[in-house]
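Just so it is clear, none of the values below were taken in a lab; they were calculated from the coordinates. Worth saying up front: this structure is predicted, and the values here are computed from it rather than measured. We place every Cβ from the backbone using ideal geometry, glycine too, and count neighbours over all the protein chains shown.
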Amino acid sequence: MAAAAVSEPWPELEVAERERRRELLLTGPGLEERVRAAGGRLPPRLFTLPLLHYLEVSGCGSLRAPGPGLAQGLPQLHSLVLRRNALGPGLSPELGPLPALRVLDLSGNALESLPPGQGLGPAEPPGLPQLQSLNLSGNRLRELPADLARCAPRLQSLNLTGNCLDAFPAALFRPGALPLLSELAAADNCLRELSPDIAHLASLKTLDLSNNQLSEIPAELADCPKLKEVNFRGNKLRDKRLEKMVTGCQTKSILEYLRVGGRGCGRGSGRGKGRAEVTEKEDSGKKRRERKQRRESGEGEEEAADAARLLLRVLHVSENPSPLTVRVSPEVRDVRPYIVGAVVRGMDLRPGNALKRFLTSQTRLHEELCGKRTAATIATHDLRALRGPLLYAARPPQDLKIVPLGRKEAKAKELVRQLQLEAEEQRKQKKRQSVSGLHRYLHLLDGKESYPCLMDADGDVISFPPITNSEKTKIKKTTSDLFLEVTSATSLQICKDVMDTLILKMAEMNKHTLENKEEGSFSDTDSDAVSGQLSDPQVNPGAGKDGQCPLVVEQVRVLDLEGSLKVVYPSKADLATAPPHVTVLR
């Protein structure tokens, strides 16, 4: 019986080899058994596909190591995604070097350490010379290799959230070590100190060190020339005023406070200078008077207005006279069991390219956080175009009818078949194995006897995850009230995480739209024609007279057919990691 298991076929590899594919995703219910039969590693045949650019193996609790031959057999690999597996406790040297790798995602594993040098490729030459994004979140790392910066000198994004780190290696912040690093996230660790040398990160734009054990923030942080967003919430800072500021003030105010010395954390405190001396030399009476005059002239009010523009007000079900609900049929349990919904009111998509930016951000979420829709799928709807309550169910492909975005009404079986034919034609025309658009997600339906769908009270299918939405509820430039839906075959938590990120992104977009009074683009007329509505300044009731654009997030309950509550979003635990410039009112 064991021998039979070992010889179990890998049809995905056969297809990839035959069709000379550049992308490969290994998933499905049989993956666990096949990896277990291979000794907790990937099959050696995988490393004989030298054309692969993208490889993902996710959600496999049997995968403990990639397997020998990865670096030698996949020289052109650009993206390697091995998240939510069981890699660990150490990372095998088999992983490197990978000279073409740009994205490495090892999040959600059981890694406790990364071997120095060999863990991410040898130090000389760099093991990952082209690496731009490294995601190590959700592991058990206690330290980072001292030569991490030397192994990946072109790193732009480093995510260390949810580990056990108590310090950064000194070499990470040495001058010129990571000249391109723009995003550093290390929330939910055990960091006790932040080195003043962080000022050497010349490209740093976003820094998230929330929920650590920091007692001080170095004044040198204000010297980071491009820093736009910081998060130090959840740290017990000695400077109590600063502790309050990191909870409620914008990054600009926090950095200014650090720049002029603050209280107990001023410049020069590490050089043996007293607070009085620092104040005399760096914060003269003239400068204090100038700051006071600016505050009196309304600068403080402007900052308060900026903060108000990113308000998120959560409307509880009990406060809502007509809350939207989603009922779930039991048959989705074996197809795509998890769903979370929310209503957002007050979105402004009319100016310039606001709608295009919104759709682009959704696409990015699908590519990154949603793992190319393998972990979760987002659907956004014009709330005015649907009628509740909604029903989340599963239907045989020959029975499920939908009017897909930009297409005529079709049964799901016919739609999938048509997309398959289009994908083949696309491959022939472009003479390549990768396809674009909806065609990239067809493999997620393989082996499914029923397809998931979301229907409104009229019986119309408004969503067919993970493939498409309905033309009926299409988002237009005149849309201001939206129903958001996130579904997953993996977990309820990933649905909530994606929804949190989407809503916070929408708040950012509303701020951007307000602060950049864009002129209408060439697509305005087309979009209004599609919506069948003329321009109306009252379309967005969320915009106040003073220019503030708070979003209202209405709770949506998900119930079973008997009316028992399965989940409500947003609960008190949701939207809890909002950045400092976003205020959530509950």
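For a Förster distance of 51 Å, can you work out the FRET efficiency between the beta-carbons of Arg140 and His512, rounded to the nearest 0.05? Working from the Cβ atoms, E equals 0.85. With the simple model of a label 7 Å out from the Cα in the direction of the Cβ, Ser329 to Asp166 spans 5.5 nm.
The simple Förster model, with R0 at 35 Å and r as the Cβ-Cβ distance, assigns Glu424 and Leu180 a FRET efficiency of 0.35.
May I ask which of Lys228/Lys372; Lys474/Lys566; Lys226/Lys252; Lys356/Lys413; Lys372/Lys472; Lys205/Lys252 have a Cα-Cα span longer than 23 Å here? Check vs 23 Å cut-off fails for Lys228/Lys372; Lys474/Lys566; Lys356/Lys413; Lys372/Lys472.
Label-to-label distance for Glu17 and Glu414 is 3.9 nm, based on points extended 7 Å past Cα in the beta-carbon direction. Ordering Cys224, Cys190 from the fewest to the most neighbouring beta carbons within 10 Å gives Cys190, Cys224.
At a Förster radius of 35 Å, what calculated FRET efficiency corresponds to the Cβ-Cβ distance of His443 and Arg313, to the nearest 0.05? The value I calculate is 0.30. Sorting His78, His381, His443, His316 from the fewest to the most surrounding beta carbons within 10 angstrom yields His316, His443, His78, His381.
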